[in-house]
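S.K.: My questions will all concern the structure given below.
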Amino acid sequence: MDRSWMRANRLSTEYRHGVMEFLQFAESNAELERPPPEFPPLFLCPCINCANKEPKRTKKEIMNHLICDGICQNYTQWIWHGEVVATPSVSHRESGSVDIDDRLEDMMRDIGEDSFKRAHVYETLCSDKDEPLYPGCTNFTRLSAVLKLFNLKAKNGWTDKSFTELLELLIQMLPEGNVMPNRYYEAKKVLCPMGLEYEKIHACPNDCILYRKEFVNYNHCPTCKASRYKKKDGDSSDDEVTKTGPPAKVVWYLPIISRFKRLFANANDAKNLRWHAEERKC
């Protein structure tokens, strides 16, 4: 539904038609909760003064508020009036593929031995880079095979479960003595040293807040009251959702210092990053 009317002049025909469409939308999504005929249905008012807070009002009152005061400009997702905001379960991925056949040495050098000292995994990574996938194999090492498979997983949006099933099938198809990981978890451990540090932060499913700082111990969003955790089958209310359940939404945060260290570890990338300061012609 077009919502450009929200920014139009409140005296214009476009704005008035938009208000009517909004009220019709709210009423159509409240059919299941309609009160007896002698009582008019009540809704939260999204005007700039009420801001979807109690008390609820009639359609006529809301229309007067929206015409006189205007609608909240940031209320573009009408979650308080029946709109369901879909959260994609699989993030959009680039369709392109990355050729990694001849870049393992560069990747190892860019990451550097110092990055692995505390984890004691540098020798393991070097071993996986040189170990044939199976006795006599000359095309793939354990590391290159896992990298190729993860590249396909990311490109085609495979689930972790389907990736594990593929690994189990490949183990049966490959000659005896192969070192292919048998589960997604084991394959991920092979690549774990090559990943950046990251932090997982719980977020409101409607993107209101991040559960950090003053909100770190909250179980419900203070803005939209949505649960921090997903409901399980059989849960009849948000009160039954506990902190042991999976979060409704998670944001992956990459610390900026680690990202800069990785960028400057490569000599060519570091030169490009310094170009503005060192080579730019004023």
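Where a number appears in this text, it was derived from the coordinates with a stated rule and is not lab data. Please read all numbers here as calculations on a predicted model, not as lab measurements. Ideal geometry is used to build each Cβ from the backbone, glycine not excepted, and the neighbour counts take in all protein chains shown.
S.K.: 5 Å is the cut-off here: which amide hydrogens, built 1.01 Å from N in the peptide plane, fall below it relative to Y229, excluding neighbours closer than 5 in sequence?
M.R.: When sequence neighbours closer than 5 places are left aside, the close amide H contacts are A248.
S.K.: Continuing with the same structure: What shape does region 38-78 take by its C-alpha gyration tensor, where a ≥ b ≥ c are the square roots of the eigenvalues and a/c under 1.5 counts as rounded, a/b above b/c as prolate, and the rest as oblate?
M.R.: Judged from the Cα gyration tensor, region 38-78 comes out prolate (a/c at least 1.5, a/b above b/c).
S.K.: If R₀ is 25 angstrom, what is the calculated FRET efficiency for the pair H17 and D207, using the beta carbon separation as r and rounding to 0.05?
M.R.: 0.30
S.K.: Quick one: net charge around Q77, please, counting Lys, Arg +1 and Asp, Glu -1 for every other residue with C-beta under 10 Å from its C-beta.
M.R.: Around Q77, the charge tally is -1.
S.K.: When the Kirkwood radius is taken over all Cα pairs of region 121-180, what Stokes-Einstein diffusion coefficient follows at 10 °C and 1.306 mPa s, in µm²/s?
M.R.: 130 µm²/s
S.K.: Students often forget the sequence filter, so: which lysines lie under 20 Å Cα-Cα from K148 once same-chain residues fewer than 8 apart are removed?
M.R.: K129, K161, K188, K189
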